[in-house]
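Q: I have a structure I would like to understand better, so I am pasting it below and will then ask my questions one at a time.
The values are calculated or read from the model by the stated rules, or taken from the named source; none is laboratory data. Predicted, not measured: the structure shown is a model, and the values here were computed from it. Every residue, glycine among them, receives a Cβ derived from its backbone with ideal geometry; neighbour counts consider all protein chains shown.
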Protein chains: 2
Amino acid sequence: MPNPLDPDALQQGADRLLAWLHRYHTRIESHPVLSRVNPREVFNALPDAAPETPQAWDAIQRDLDDIILPAITHWQHPSFFGFFPANASGPAILAELLSAGLGLQGMLWATSPACTELEMKMADWMARAIDLPETFTFAPESPGGGVIQGTASEATLIALHAGRKRTLARANLLDTPRRDRPELILYASAQAHSSVVKAAMIAGLADGPEDLANVRLIDTDADLAMHPDALEQAIRDDLALGHLPFFVCATVGTTSSLAFDPLAPIADACRRANFTGWLHADAAHAASACVCEEHRWMLKGIDRFDSLCFNPHKWLLTNFDCDLFYTRDRAALIDALSITPEYLRNSASDSGAVVDYRDWQTPLGRRFRALKLWFVMRRFGLEGLREHVREGVAMSERFEQLVRADDRFEIVVRRKLNLTCFRLRPEPNESSDQTGARNKRLLDRINTGGRAYLTHTTIPLADHPSALVIRMSIGGSTTRMHHVEQAWELIQQIADTLR
Amino acid sequence: MPNPLDPDALQQGADRLLAWLHRYHTRIESHPVLSRVNPREVFNALPDAAPETPQAWDAIQRDLDDIILPAITHWQHPSFFGFFPANASGPAILAELLSAGLGLQGMLWATSPACTELEMKMADWMARAIDLPETFTFAPESPGGGVIQGTASEATLIALHAGRKRTLARANLLDTPRRDRPELILYASAQAHSSVVKAAMIAGLADGPEDLANVRLIDTDADLAMHPDALEQAIRDDLALGHLPFFVCATVGTTSSLAFDPLAPIADACRRANFTGWLHADAAHAASACVCEEHRWMLKGIDRFDSLCFNPHKWLLTNFDCDLFYTRDRAALIDALSITPEYLRNSASDSGAVVDYRDWQTPLGRRFRALKLWFVMRRFGLEGLREHVREGVAMSERFEQLVRADDRFEIVVRRKLNLTCFRLRPEPNESSDQTGARNKRLLDRINTGGRAYLTHTTIPLADHPSALVIRMSIGGSTTRMHHVEQAWELIQQIADTLR
């Protein structure tokens, strides 16, 4: 059998694939942003079993063009304004190529020291780039440090799990049988990401999203940020019932509307309520903006939190997956996750002098993802990252102005950073459901047209407890001002036809 | 700011990086397999903060050569025989490049239908390639299907979680408060991978690896496979105590010694004991061999299991991460993991006609990993994959012969597939600890020499309940017979010096 890693064959294949990618990136605006295929179209276009014998690149490339490309929603299209951005960039793509080409495993320090130590250093670089306190870094004497997780969902699960064990240990409950322990209670705002409740489910603290026996979803204010007083009261109520509050997740920029739970007041509320658990900040999207000094207010108080995560894979030009998870208490993390079978023992780990990242995450194996951050931060420089964020904010400011200038529309919550939530205003004699349906129709027409893609959410507004609103999320790698202006013209044109 | 996805810049960077990779793969044998750096060497060689302004590729490349390369343990080196293989291959590397270049998200069907449907099809291809029953595929009427998880650890956690909810539902316990429910008990062999206990920890069923209140590690036989009778008795005992057995994990090829828990007898034992829970098979490494008919005996009985996972990223030329997780009951999986906030709702999902893989895993976001399986299966064909496995087995047979021909050594458990566990025989008047220390010395000398890399484990042998043995794991992408023979010569030479 020929060498599966034959350098010449890899080179030749890469040449062809790079030419394909060059064409894709050059012509990306020629595709409808949102794919138009029907369910099972791709599935049914492919044979039911793998080929017995090798096939040529030509055949694969044909299928890429004919079957795959029409079935892609183009996240790197400059007019992709859905969800949050998922920034790809040249340097990050190359780092993925390098990581795959090296084909190494970073589960232990010893299985490739560079994989672990570059990641430690990149976590430190990014911590300093967003001005985190040094206790979240690997600086000498610091009890903390950072790690790359796949997603914020995984980071939240790990934080919750570490918080559970540390809280039980502090309460001297680890020797008490699980059923004799008080109820463990976790807290997040009613606007928190679904991953918080999903983490509770996986951790065994909720049977499903409706099961709130151990989960408290705290009320929010007019700006959809958590009420610290409501949190304090909830913790006090649970303590009065003999429960054990163990985990508070504050959201720094909610997915629906970029609401910012106030960190310092939340830490104050926890202290007043004698909370002994773990404070986690889910800043998945927004903390990337903290590379710019003017946005760092959102992390005021983070020094009193036990952990924080945010995703350079959203808005910092680092391809998915790259969630940075920081803790001030790495010992608690390791205590909650470490398990060392003999086949993983080695002298470096036994010495205690190294970091073994397998003890910081659910999986054992791990890719060399730190290369992405290294390439991105070196090739763009922090100045480049700041510029990217500032352009996204500037385009959003412009979009907000445009919306405000059209009487038919309204901005429904204060715009923050790169996210504008807006809708067609309720019309006289229209029910709130009709308003929602009209906005949904507007959104569907935008998206089926293929020239832009936006998504929606529901939030509590005066006329409806869960009013449908349209999210304009700006910050894609390739998005420029004229794409935003064109999208707005399109929205206006479609609104005209809805009359 | 220049376009971060500029096609020409990507092309130029790729040309340089590919040349670097070509050199790396061509000269890989010139590096010591196991890195020789000391703790913090890489960390301290790098600046403490990211650069403010962009840096040139030249500077990065210099650091790659000077700092990173010496700190890599070369998993693709042909003389890497540690752990299990982590096969990289040209087609899989290119697929990672393409996945990064497309930069899309597969969390929902709608966010890129091709990402989901190619994955469904690739799961089917691989199911058929290893001859799984059709109930594990997306064939019409099938209740099952497959999904790519990052690692077997993540798959086990998901299986355990789904098993918990389904078992509780079947017992009509979901309306009972958690503390009033019977104790949930899970079972695995004493030789099972550490990820099973780690999953129990994260799922809230164990405080740590020592906490076995809800975990039963079942005795194994002389070949280190689970005793079905012991499992049956354990389940009966727990039921008699009023507990609720909910999860059995059988290991198809243990990490220590490739022991095969017998699936059909385990399913029989569960039936006899009136087990109502979830049967999961962790075949992480071994099931890849089932692309060859002669190895399919190991999965006999899998039709009675609820789920199975295995890792093409180990021995099937598909770069990490690529764990295939199959279930016969996708509804149970989705029921245990689904949570749909408004911002993820869309008409395709609401129609029920599509698969949304976010409900099959812990994370929300997901990369386009199916491309790896597609490229690998098409470029090598199933014949190529079979040849790769058969070469690995043939090299292992040869290695076993070589060991058996040298009286100083012994094969300590039956060799299976590509893993040979061996050691220097105990000498007269030597304590068992001394035998272990002598073998450890042998292993350390092999590894520090840099010409080959092997790892160890401990298993129960006649002279010691956890005797240290050396694992020779063959099956790297580039390993050929002469590398195995050279490794054996090296082992013999070092054994000579230990006299």
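Q: Suppose we filter B:Arg398, B:Arg386 for residues that are part of a helix (DSSP H, G or I) and either facing chain A (nearest Cβ under 9 Å) or within 23 Å of the chain's Cα centre (by Cα) (or both); which single one remains?
A: Going through B:Arg398, B:Arg386 in turn, just one is part of a helix (DSSP H, G or I) and either facing chain A (nearest Cβ under 9 Å) or within 23 Å of the chain's Cα centre (by Cα) (or both): B:Arg386.
Q: Of all residues in the stretch B:212-229, which are within 29 Å of A:Leu174 (Cα to Cα) and either in a strand (DSSP E or B) or hydrophobic (A, V, I, L, M, F, W, C) (or both)?
A: Hits for the stretch B:212-229 are B:Leu212, B:Ala213, B:Val215, B:Arg216, B:Leu217, B:Ile218.
Q: B:Asp237 - would you say it is farther than 17 Å from B:Gly163 by Cα and assigned to a helix (DSSP H, G or I)?
A: Taking the combined requirement at face value, the residue satisfies it.
Q: Taking A:Phe81, is it within 33 Å of the chain's Cα centre (by Cα) and either more than 8 Å from chain B (Cβ to nearest Cβ) or at pLDDT below 95 (or both)?
A: Considered against the rule, which asks whether it is within 33 Å of the chain's Cα centre (by Cα) and either more than 8 Å from chain B (Cβ to nearest Cβ) or at pLDDT below 95 (or both), A:Phe81 comes out as yes.
Q: Also, I was wondering about something else. Identify all residues within the stretch B:170-183 that are under 32 Å from the mean Cα position of the chain (by Cα) and more than 9 Å from every other protein chain (Cβ to nearest Cβ); write none if there are none.
A: B:Arg170
Q: Residues B:Asp282, B:Asp303, B:Asp335: which one is surrounded by fewer than 23 Cβ atoms within 10 Å (Cβ to Cβ) and within 28 Å of B:Asp221 (Cβ to Cβ)?
A: B:Asp303
Q: To continue, here is another question. If you check every pair at least six apart or on different chains, which have Cβ atoms under 7 Å apart with a residue in the stretch A:128-140 that is touching a residue at least 40 places away in the same chain (Cβ under 8 Å) first and a residue that is part of a loop (DSSP other than H, G, I, E, B) and of a type in the set (A, V, I, L, M, F, W, C) second?
A: Once the first residue is touching a residue at least 40 places away in the same chain (Cβ under 8 Å) and sits in the stretch A:128-140, its partners that are part of a loop (DSSP other than H, G, I, E, B) and of a type in the set (A, V, I, L, M, F, W, C) give A:Ala129/B:Ala50.
Q: Taking the conditions exactly as written (more than 28 Å from the chain's Cα centre (by Cα), more than 7 Å from chain A (Cβ to nearest Cβ) and at negative phi), does B:Asp66 satisfy them or not?
A: Considered against the rule, which asks whether it is more than 28 Å from the chain's Cα centre (by Cα), more than 7 Å from chain A (Cβ to nearest Cβ) and at negative phi, B:Asp66 comes out as yes.
Q: For the stretch A:325-344, state whether one or more residues are within 19 Å of the chain's Cα centre (by Cα) and closer than 21 Å to A:Val389 by Cβ.
A: yes
Q: Another one. What is the number of the single condition among (1) in contact with a strand residue (DSSP E or B) (Cβ under 6 Å, 6 or more places away or on another chain); (2) within 8 Å of another protein chain (Cβ to nearest Cβ); (3) not charged (D, E, K, R) that B:Asn3 does not meet?
A: Just one mismatch for B:Asn3, condition (1).
Q: Would you call A:Leu102 surrounded by fewer than 22 Cβ atoms within 10 Å (Cβ to Cβ), more than 23 Å from the chain's Cα centre (by Cα) and either within 8 Å of chain B (Cβ to nearest Cβ) or modelled with pLDDT under 95 (or both)?
A: In short, no.
Q: Still on this structure: Look at the stretch B:58-78 and say how many of its residues are surrounded by fewer than 23 Cβ atoms within 10 Å (Cβ to Cβ) and outside any helix (DSSP H, G or I).
A: 1
Let's see how each residue does on (1) within 30 Å of A:Leu258 (Cα to Cα); (2) at the interface with chain B (Cβ under 7 Å from one of its Cβ atoms); (3) acidic (Asp, Glu); (4) free of Cβ contacts under 8 Å to residues at least 12 places away in the same chain:
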| position | (1), (2), (3), (4) |
| --- | --- |
| A:Arg36 | yes, no, no, no |
| A:Ala56 | no, no, no, yes |
| A:Trp75 | yes, yes, no, no |
| A:Met120 | yes, yes, no, no |
| A:Ala123 | yes, no, no, no |
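Q: I'd like to verify a number: residues in the stretch B:460-479 that are assigned to a strand (DSSP E or B) and closer than 17 Å to B:Gly82 by Cβ, how many?
A: Qualifying residue count for the region: 6.
Q: Which pairs turn up if I take residues in the stretch B:459-484 that are within 15 Å of A:Pro4 (Cα to Cα) and not assigned by TED's automatic domain parsing to the domain that holds B:Ser288 and look for partners that are crowded, with 21+ Cβ neighbours inside 10 Å and of a type in the set (Phe, Trp, Tyr) with beta carbon separation below 6 Å, at least 6 apart in sequence or on another chain?
A: B:Gly475/B:Trp315; B:Gly476/B:Phe80
Q: Against the definition (without any contact (Cβ under 8 Å) to a residue 12 or more places away in the chain, over 11 Å from A:Lys198 (Cβ atoms) and more than 10 Å from every other protein chain (Cβ to nearest Cβ)), how does B:Asp356 come out, yes or no?
A: No; evaluated as a whole, the condition is false for this residue.
Q: Please identify the pairs in which a residue from the stretch A:331-346 that is facing chain B (nearest Cβ under 8 Å) and free of Cβ contacts under 8 Å to residues at least 40 places away in the same chain has its Cβ atom under 8 Å from the Cβ atom of a residue that is assigned to a loop (DSSP other than H, G, I, E, B) and polar (S, T, N, Q), counting only partners at least 6 apart or on another chain.
A: If the second residue must be assigned to a loop (DSSP other than H, G, I, E, B) and polar (S, T, N, Q), the pairs left are A:Pro341/B:Thr255; A:Pro341/B:Ser256; A:Glu342/B:Ser256; A:Tyr343/B:Thr255; A:Tyr343/B:Ser256.
Q: Could you please let me know if A:Pro91 is under 22 Å from the mean Cα position of the chain (by Cα) and more than 8 Å from chain B (Cβ to nearest Cβ)?
A: Taking the combined requirement at face value, the residue does not satisfy it.
Q: While we're on this one: Condition first: touching a helix residue (DSSP H, G or I) at 6+ places or on another chain (Cβ under 6 Å) and within 20 Å of B:Leu231 (Cα to Cα). Can you find one or more residues in the stretch B:137-147 that meet it?
A: no
Q: Another question, if that's okay. Would you pick out the residues in the stretch B:179-210 that are in contact with a Cys (Cβ under 8 Å, 6 or more places away or on another chain) and either part of a loop (DSSP other than H, G, I, E, B) or outside the structural domain of B:Gln361 (by TED's automatic domain parsing) (or both)?
A: B:Ala192
Q: Let me ask something additional. Go through the stretch B:204-228 and give me each residue that's farther than 22 Å from A:Ser338 by Cα, out of contact with any helix residue (DSSP H, G or I) (no Cβ under 7 Å at 6 or more places or on another chain) and charged (D, E, K, R).
A: B:Asp221, B:Asp223
Q: Based on what the data block shows, is B:Ala240 more than 14 Å from chain A (Cβ to nearest Cβ), farther than 23 Å from A:Leu174 by Cβ and at pLDDT below 95?
A: Judged against the criteria, B:Ala240 is not a match.
Q: Got at least one residue in the stretch A:367-383 being within 18 Å of A:Pro143 (Cα to Cα) and not aromatic (Phe, Trp, Tyr)?
A: Within the stretch A:367-383, none of the residues are within 18 Å of A:Pro143 (Cα to Cα) and not aromatic (Phe, Trp, Tyr).
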